[in-house]
Amino acid sequence: MHHWLFKTEPHAYSFEQLRADRITPWTGVRNWQARNNMKAMEVGDLGFFYHSSIAQPCAVGICRVVKNAYPDFTQFDVQSEYYDATSRKERPKWYMVDVEYVEPLEHPVTLAQMRAEPRLDGMVLLRRGRLSVQPVTSREWEIVLGLAQQQ
DNA sequence: GCCAACGTTGGC
DNA sequence: GCCAACGTTGGC
């Protein structure tokens, strides 16, 4: 099993919303690296749910991949802000997975906390901040879970 | 709201 | 295929 991190602006889609929806398709990813990360996901993989673009950016919860990568329907929807006129149905450019609500972290783990933790030095979140769907190593996963249990 | 980082686009 | 210009993300 692999671990991941899903970044979202809570104004656009929050962990609370996922709790209400239970499952959501992770639409709108328009970055090749993030897309490739989703293609590498397998059903059952767990991810951190991360809230960005707020005063205290932080990981707030855990979610689970419940459907392997499949074409993101919003790329074909002219009404959608994610519409991509260059993508064709026979050969879709953009993929998404379905993620399911699992549970909140005991305490949110802020970006500042993660930066302050030397063992997380190599974390993609700290190195390539802009990538919206990221791999997390098993070691990093455990360390962040540990931080979530502190205060 | 600013702006650094960095991904993408397009001219050559 | 390089790289300058441009656009976007996201922390602060």
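Each value in this text was obtained by applying a stated rule to the coordinates, not by laboratory testing. Computed from a predicted model, the values in this text were never measured in an experiment.
Some notes on this structure:
- The calculated Kirkwood hydrodynamic radius for region A:79-151 is 15.2 Å, given to one decimal from all distinct C-alpha pairs.
- Calculated on alpha-carbon atoms, Rg and Dmax of region A:3-149 in Å: 15.2, 47
- Residues whose amide H falls under 5 Å from that of A:V136, counting only those 5 or more places apart or on a different chain, are A:H3, A:W4, A:L5, with hydrogens built in the peptide plane.
- A straight line joining the Cα centroids of region A:2-33 and region A:125-141 runs 15 Å.
- Whether region A:49-103 is rounded, prolate or oblate, judged on the alpha carbon gyration tensor where a/c under 1.5 counts as rounded: oblate
- Per-residue ³J(HN,Hα) for region A:121-134, Karplus 6.51 cos²θ - 1.76 cosθ + 1.60, θ = phi - 60°, Hz, x for Gly and Pro: 3, x, 4, 4, 4, 8, 9, 10, x, 7, 5, 8, 10, 10
- ³J(HN,Hα) computed for each position of region A:89-95 - Karplus, 6.51 cos²θ - 1.76 cosθ + 1.60, integer Hz, glycine/proline x: 4, 5, 8, x, 7, 10, 10
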